[in-house]
Amino acid sequence: MRRNVKARDGSLLGRLLMLLAVTGALALAPVAGAQEAPRAYRLRLQGVINEAFARVVQNRMQRAIDEGVEIFILELDTPGGTVDASIELGDFIFRQDDLRVIAYVNPQAYSGGTMVALAAHEIYIDAATGRMGNVAPVGPGGEILGEKQQTVIRTTMNTYARRRGYPEALVRAMVTKETVVYRTETADDPRPTYMTEDQLNAMSEEERAGIVERRLVVSAGELLSMDSTAAVEFGFAREAVRSPQHLYEVLELESAEVQRLYLTGSERVLTVLDTFSPLLIIAGILLLYIELTNPGFGLPGLAGLGCFVAFFVIKVSLNYAHMLEILLFVAGVTLLLIEVLFTPDFGIAGIAGVGLVFISLVLAFQQFGIPQSPGEFRVFQQNLLLVTGSLAVSVAGIAVLMRFLPTMPLFRRIVHQATLATASASEGLERRNPGLAEMVGRVGVAQTALRPAGRAEFGDRTLDVVTEGDFVDRGASVRIRAIHGSRVVVEPYREV
């Protein structure tokens, strides 16, 4: 009887062990499959190409290289981007020998997008709506920039074109609208050749006599833009495809072999905010000015600090800013606060503070310190202009605020709410400083320069005071205009 029980127990135990083995194999199968890298990654680059986008794409491509992926499909839907970011991303793609990069224009890759596409190993374009070309650099007002900027782009694109086998004459026509391009064929070689008008004029009579067909394809005064038909005809796109699935078939890929990559939420926010980095600088300066020239510490101050925190978070995430830039900025702001609040005249501390802030902001826009190459020097010059322009706009904004802010109804309501919110603080201040509330209207003398904060003497009492934006020299007469919380607001006073 016991033997039968043991037999049944052994049989049951065996079945349990077999069930566990099968379950474990099924559970481990997806894990093992997940560890195998796909043959191809596909990432969609949608929007303006900026430093953040360039960095994200480079990181994804490096991941593909590290995982041994064969093909990286970069799907482009972009109107263009900054010259530096487009060249940075294009150069990174152009240097890849261990990863086959496919540019898939769907539906558009204008300007910087075309630069990136030319750097890829192959270009495919959407048959129905694909468009590319028009790479002339434009200024803030939409005007086409001159030869100094165009030559940088042409040189970069010609480097890509020579290695990838694209017509350099047509590449030039994308950048410089004065370029005239002809399509020619000779009796010896029926394959079409694209030549600029200058190249044709430089040919000998014998060479020109060998041309059996010549057709104008780009006229003077126009920039070359191409639809899918032209892109294939001119030799830029390998093929016009109807859909991503059609592209997979052309590349001899199964859908299961292609893994889609997506930008994370933080990366999407980062790419948007990086475009507005100069505006963060301007907004931060203006908001902090409003805070310093008005009583209490409230929303403008928090918002101003938030702008600069956001600026450095963006730049640190992109590996542009590091601890050095942050320390320089903090040191500069500290020196400026010391200059404004505790010294009678603008001197060494203020100058040093402005210099440190300026240097920190310039360095935060680039990945190098001192420029070592012509390309780095060009980026450095652009960053100098960018930061200088941001500070100039900030100064202009401060001038406007000094003139109009105190009279704006919205500002008056904000100040009124701040006054109500600090009423309890005022009561405590009154207990500590008896008779202070009755001093509104009293006239005294500024003991320090008020820019806009400082100290002033009213009879036998010396108080910390602040103006509403006016700068007051030391020794000038001031009158107490209002008491807000712990701040005494004064205004210049002139006897009539």
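For Ile102, the test of being of a type in the set (Val, Ile, Thr) and crowded, with 24+ Cβ neighbours inside 10 Å is failed. For the stretch 144-154, the condition holds for no residue, the condition being that it is in contact with an Asp or Glu (Cβ under 9 Å, 6 or more places away or on another chain) and either crowded, with 23+ Cβ neighbours inside 10 Å or within 27 Å of Val313 (Cβ to Cβ) (or both).
For the stretch 176-227, give me each residue that is assigned to a helix (DSSP H, G or I) and surrounded by 12 or more Cβ atoms within 10 Å (Cβ to Cβ).
Across the stretch 176-227, the qualifying residues are Glu197, Gln199, Leu200, Arg208.
Would you check if Phe312 is at pLDDT 85 or above, in a helix (DSSP H, G or I) and touching a Pro at 6+ places or on another chain (Cβ under 6 Å)? In short, no.
When His246 is tested against the conditions (1) assigned by TED's automatic domain parsing to the domain that holds Val105; (2) assigned to a strand (DSSP E or B); (3) not small (Gly, Ala, Ser), the lone failure is (2). All of Ala256, Ala220, Ala209 fail the test of being at pLDDT below 95, in the same structural domain as Leu76 (by TED's automatic domain parsing) and out of contact with any strand residue (DSSP E or B) (no Cβ under 9 Å at 6 or more places or on another chain), apart from Ala256. When the stretch 135-175 is filtered for residues that are part of a loop (DSSP other than H, G, I, E, B) and closer than 23 Å to Val379 by Cα, the ones remaining, listed by number, are Val135, Ala136, Pro137, Gly139, Pro140, Gly141, Gly142, Glu143, Leu145, Gly146.
Can you find, within the stretch 271-282, the residue that is surrounded by the fewest Cβ atoms within 10 Å (Cβ to Cβ) among those that are aliphatic (A, V, I, L, M) and touching a Phe, Trp or Tyr at 6+ places or on another chain (Cβ under 9 Å)?
Top of the filtered list is Leu273.
Condition check ((1) farther than 20 Å from Val105 by Cβ; (2) crowded, with 21+ Cβ neighbours inside 10 Å) across all residues:
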position	(1), (2)
Glu51	yes, yes
Ala54	no, yes
Met61	no, yes
Asp66	yes, no
Glu70	yes, no
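For residues that are farther than 18 Å from Gln62 by Cα and among the hydroxyl-bearing types (Ser, Thr, Tyr), scanning just the stretch 75-99, find the one that is surrounded by the fewest Cβ atoms within 10 Å (Cβ to Cβ). Among them, the one singled out is Thr82.
Where strands (runs of 3 or more DSSP E) fall wholly inside the stretch 411-470, no range has 1 or more residues that are at pLDDT below 75. Against the criterion of being over 22 Å from the mean Cα position of the chain (by Cα), on the phi > 0 side of the Ramachandran plot and buried (at least 17 other Cβ atoms within 10 Å of the Cβ), Gly165 does not qualify. For the stretch 232-270, the set of residues classified as crowded, with 16+ Cβ neighbours inside 10 Å and among the small types (Gly, Ala, Ser) consists of Gly235, Ala237, Ala240, listed by residue number.
Write out, first by first residue and then by second, each pair whose Cβ atoms fall under 9 Å of each other, whose residues are 6+ apart or on separate chains, and whose first residue, in the stretch 88-114, is at positive phi and outside the structural domain of Asn50 (by TED's automatic domain parsing) while the second is part of a loop (DSSP other than H, G, I, E, B) and among the polar types (S, T, N, Q). Nothing qualifies. Can you tell me which residues in the stretch 159-185 are touching a Phe, Trp or Tyr at 6+ places or on another chain (Cβ under 9 Å) and of a type in the set (S, T, N, Q)? If the condition is that a residue be touching a Phe, Trp or Tyr at 6+ places or on another chain (Cβ under 9 Å) and of a type in the set (S, T, N, Q), then Thr159, Thr184 are the ones that fit. Put simply, of Asp91, Asp98, Asp77 the only residue that is in a loop (DSSP other than H, G, I, E, B), among the charged types (D, E, K, R) and modelled with pLDDT of 90 or more is Asp98.
Considering (1) at pLDDT below 85; (2) surrounded by 14 or more Cβ atoms within 10 Å (Cβ to Cβ); (3) not in a loop (DSSP other than H, G, I, E, B), the lone condition that Phe377 does not fulfil carries the number (2).
The values are calculated or read from the model by the stated rules, or taken from the named source; none is laboratory data. In this text the structure is predicted, and so the values were computed from the model without any measurement. Backbone-built Cβ (ideal geometry, glycine too); neighbour counts: all protein chains shown.
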